[in-house]
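This report concerns only the one structure given below.
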Protein chains: 2
Amino acid sequence: MEPVFVIGVSMTRFGVLGESFAELALSAAVEAMRDSHTLEMSVDRVVVGSQSPEEFVNTGHVSTMLADLLGTVPAGATRVETGPSSGASAFELGSALVASGMAGLVLVIGVEKMTAVERGTASRVLAKMMSYESETRYGATPTALAAMIARRYMHDYGLTRDELSLVPVKAHANGAKNPLAHFQKGVSVEKIRRARVIADPLTLYDCCPTSDGAAALVLASSSVVRDLGLRDQAVRVLGVGHATDYLAVQHRLSLTSMGATVRAAENAFHMAGLRPSDVDVCELHDAFSILELIAMEDIGIAQRGHAIDLVKEGLTEVSGDIPVNTTGGLKARGHPTGATGVAQLRDLVLQLRGDAPKGLQVDSPSVGLAHNIGGFGNNMVVTLLGL
Amino acid sequence: MEPVFVIGVSMTRFGVLGESFAELALSAAVEAMRDSHTLEMSVDRVVVGSQSPEEFVNTGHVSTMLADLLGTVPAGATRVETGPSSGASAFELGSALVASGMAGLVLVIGVEKMTAVERGTASRVLAKMMSYESETRYGATPTALAAMIARRYMHDYGLTRDELSLVPVKAHANGAKNPLAHFQKGVSVEKIRRARVIADPLTLYDCCPTSDGAAALVLASSSVVRDLGLRDQAVRVLGVGHATDYLAVQHRLSLTSMGATVRAAENAFHMAGLRPSDVDVCELHDAFSILELIAMEDIGIAQRGHAIDLVKEGLTEVSGDIPVNTTGGLKARGHPTGATGVAQLRDLVLQLRGDAPKGLQVDSPSVGLAHNIGGFGNNMVVTLLGL
């Protein structure tokens, strides 16, 4: 396997934005190429992660459309979709193309424009990633499933409602320092206690927003890194793990552990030759607050049922031993589905380069882990990056 | 780069079918695994090529859905989309995963269920892959663009209407011997001359149908091939080329040559270390009859403007020097968009193994080429397979 490097990164502001799908994608792509000093080079491939542009912006065939607008024609272009983990899956394909020697320079774009549709449409689109027969037809929504999981977790491990609130409190505190985050102000446990209940026990502050945004990365082979003289800012792809679980939550072995995260993490660590204790900074898929705690346990950075202890002790804060979601996570950075996996990797690369936003830089990390969930917990990609 | 082998293939009947999207995909997948003697093995990855299941069958997140139904959980699963070349692009990702060493055994499925929607819906879905600004808003459809190209080609090279008809006559003659083809009866030049005009000069018989269907392949590394003792039926992936062109036809340099085919073919031949004259059998993307002639010229198996000479001399028939679309092509085999690229490769593998349907076997071919078009001529994948 050829070594694969990330040599440039970028993301747009996340939020409810005026820019179009194409404007967001192009903006992120051009900035990632500028960051990697490859603007005047020809890329070998473009890989686009996007969940459903056909439905969110009424546009299909986005790989060619973006290749055309970007000026990367005739390079091959491909769109990858695995629900909300589409960004990380696009990164996986880009990595495989470089690792196989089939490409030397690959542009990976993650993009979603979710807020241009009528109210209710985004929920209907997202519902298509669930099991109609086992879930949707009974009225189950992603938030309802997350609430059920949270309730079970609280029952099994004694987690309290106020303890759970510490997760979004941290997310918002970090997001407040991230100039590109969807939400840039803090919240308190007290405020969450009084917040509108979405699906008991989850309130508004336990749920990520629906966002617009894009992020991009440039991947390169050793020889391209050498030719460009970019070894200093190149971050190595150490491992990629990808795993599925049964589509419907009811068919899984556990409510409080996600098997696909466990397997994806195992595979990524195996490929990297690393262990959970080697990780210095994490980006975890906290679409709902409870999922951050479960991911910490499934990945192996916390003992089962005890992730909240690390949060309470401040260990997952930027200054802690194992910082999690230093730029706000899905909760505060926002969650344009196809963009999230790429944005997580962008933020890890900045951490590893020492270029994180002011007040969010972790002290000299050398290994970062990203965890991206597709579907409702059934299509996970775990990626390890390092210096 | 690790060598990549195709060790099992399958396709369902193509046509207007009663089976669901999932039934088609599962049927093809299971048969490909049976063909490769891997039914009792765990695959490392599942890659699904499908253009728009969200719109054609109101189902999203099909990679996890199929992984669940197939029983391949927890293997990672990914859906790839590049319009009607989604099948070949899925094959490309599967090849990259094996070639990089990231996977040893990969199941590739191409599937589309296009006829379950109301009349007119399929056209609206397919229109999303064109340029709205430059094409769709002026009423241009894929058939209208193909007609314009045919007219220009006839003007430039003196091709007559009756000569063009020889392409679908050959396709239907081959399809008549293919028990899985959408259309299994022959047509004559006379019948085409009297047929309904769809977009002048193209008639009903110049246009591929809208079909349901699925096809699947099993890809394996050298060590898996060795462990399974399958060297005799393993076909080697020699080269994969992928290229784009501008989204709208009006922005391209030529109407009678498709730059993305030229580049994708060059890249595939370069990777394989082969030349056009080395090809023994071809599967070309004849969504419209004129595209078969143009592809022959763009790939380099015919001189510019002279592809029809090979057709008239019978050289592209099964018994000819360079057989093209031996099982009916998109015209007669049918065109479930996401399935086509995989079905082309399935038919090439059968040719190379000597297992083509009765009356369609080419005499001892050793190199096969497949050409899959995405969008209207802007996202092409050319694949070379060999013994």
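The values are calculated or read from the model by the stated rules, or taken from the named source; none is laboratory data. Please read these numbers as outputs of a predicted model, since none were measured by experiment. Ideal geometry is used to build each Cβ from the backbone, glycine not excepted, and the neighbour counts take in all protein chains shown.
The table that follows gives values for the structure above.
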item: The lone exception for B:VAL381 - which of (1) touching a His at 6+ places or on another chain (Cβ under 9 Å); (2) assigned to a helix (DSSP H, G or I); (3) within 14 Å of chain A (Cβ to nearest Cβ) it fails; result: (2)
item: Some residue of segment A:308-329 being among the charged types (D, E, K, R), touching a His at 6+ places or on another chain (Cβ under 9 Å) and closer than 26 Å to A:ASP156 by Cα; result: no
item: Lone unmet requirement of (1) more than 10 Å from chain A (Cβ to nearest Cβ); (2) surrounded by fewer than 24 Cβ atoms within 10 Å (Cβ to Cβ) for B:LYS128; result: (1)
item: Those residues of segment B:257-290 which are within 25 Å of B:PRO336 (Cα to Cα) and assigned to a loop (DSSP other than H, G, I, E, B), in sequence order; result: B:SER257, B:MET258, B:LEU284, B:HIS285, B:ASP286, B:ALA287
item: Failed condition for B:GLU112, given (1) over 26 Å from A:ARG45 (Cβ atoms); (2) crowded, with 24+ Cβ neighbours inside 10 Å; result: (1)
item: Enumeration of residues in segment A:15-39 that are in contact (Cβ under 8 Å) with a residue 60 or more places away in the chain, of a type outside the set (A, V, I, L, M) and under 30 Å from A:VAL117 (Cβ atoms); result: A:GLY15, A:GLU19, A:SER20, A:PHE21, A:SER27, A:GLU31
item: Selection count where residues are crowded, with 24+ Cβ neighbours inside 10 Å and facing chain B (nearest Cβ under 8 Å), scope segment A:74-94; result: 11
item: Selection within segment A:24-54 - of a type in the set (Asp, Glu) and more than 25 Å from B:SER89 (Cα to Cα); result: A:GLU31, A:ASP35, A:GLU40
item: Failed item, numbered, when B:GLY338 is tested on (1) crowded, with 19+ Cβ neighbours inside 10 Å; (2) assigned to a loop (DSSP other than H, G, I, E, B); result: (2)
item: A:ALA234 among the hydrophobic types (A, V, I, L, M, F, W, C), modelled with pLDDT of 95 or more and closer than 16 Å to A:SER89 by Cβ; result: no
item: Residue within segment B:241-256 that is assigned to a helix (DSSP H, G or I), under 15 Å from B:LEU384 (Cβ atoms) and within 12 Å of chain A (Cβ to nearest Cβ) present; result: no
item: Matching residues, segment B:229-240, being part of a loop (DSSP other than H, G, I, E, B) and in contact (Cβ under 8 Å) with a residue 12 or more places away in the chain; result: B:LEU230, B:GLN233, B:ALA234
item: Checking B:ALA147 against (1) under 22 Å from the mean Cα position of the chain (by Cα); (2) closer than 22 Å to B:GLN303 by Cβ; (3) of a type in the set (A, V, I, L, M), the condition it does not meet; result: (2)
item: Whichever residue in segment A:211-256 is hydroxyl-bearing (Ser, Thr, Tyr) and in contact with a Pro (Cβ under 6 Å, 6 or more places away or on another chain) and, among such residues, is surrounded by the fewest Cβ atoms within 10 Å (Cβ to Cβ); result: A:SER222
item: Test: residue in segment B:356-369 that is in contact with a Cys (Cβ under 8 Å, 6 or more places away or on another chain) and at negative phi; result: yes
item: Top-ranked residue in segment B:45-73 [being more than 9 Å from every other protein chain (Cβ to nearest Cβ) and more than 23 Å from the chain's Cα centre (by Cα); ranked as nearest to A:ARG263 (Cα to Cα)]; result: B:GLY71
item: Of the criteria (1) buried (at least 24 other Cβ atoms within 10 Å of the Cβ); (2) part of a helix (DSSP H, G or I); (3) touching an Asp or Glu at 6+ places or on another chain (Cβ under 8 Å); (4) more than 8 Å from chain B (Cβ to nearest Cβ), which one A:SER27 fails; result: (1)
item: In segment B:257-271, the residues that are touching a strand residue (DSSP E or B) at 6+ places or on another chain (Cβ under 9 Å) and either crowded, with 24+ Cβ neighbours inside 10 Å or not hydrophobic (A, V, I, L, M, F, W, C) (or both); result: B:MET258, B:GLY259, B:ALA260, B:THR261, B:ARG263, B:ALA264, B:ALA265, B:GLU266, B:ASN267, B:ALA268, B:HIS270
item: Search result, residues across segment B:313-333 that are touching an Asp or Glu at 6+ places or on another chain (Cβ under 7 Å) and either assigned to a helix (DSSP H, G or I) or surrounded by fewer than 19 Cβ atoms within 10 Å (Cβ to Cβ) (or both); result: B:LEU315, B:GLY329, B:LEU330, B:LYS331
item: Residue within segment B:349-362 that is assigned to a strand (DSSP E or B), of a type outside the set (Ser, Thr, Tyr) and touching a Lys or Arg at 6+ places or on another chain (Cβ under 9 Å) present; result: no
item: Segment B:136-154: number of residues that are more than 17 Å from B:ALA287 (Cα to Cα), among the β-branched types (Val, Ile, Thr) and not in a helix (DSSP H, G or I); result: 0
item: Boolean, A:THR12 is within 9 Å of another protein chain (Cβ to nearest Cβ), among the hydroxyl-bearing types (Ser, Thr, Tyr) and either crowded, with 24+ Cβ neighbours inside 10 Å or without any contact (Cβ under 8 Å) to a residue 40 or more places away in the chain (or both); result: no
item: Residue in segment A:224-233 that is outside the structural domain of A:VAL167 (by TED's automatic domain parsing), farther than 24 Å from A:ASP321 by Cα and within 18 Å of the chain's Cα centre (by Cα) present; result: no
item: Check on B:LEU97, surrounded by fewer than 24 Cβ atoms within 10 Å (Cβ to Cβ), at pLDDT 95 or above and within 12 Å of chain A (Cβ to nearest Cβ); result: no
item: Residues being within 25 Å of the chain's Cα centre (by Cα) and among the aromatic types (Phe, Trp, Tyr) - total across segment A:150-166; result: 1
item: So B:ALA220, is it part of a strand (DSSP E or B), more than 24 Å from B:ARG333 (Cα to Cα) and away from chain A (no Cβ under 14 Å); result: yes
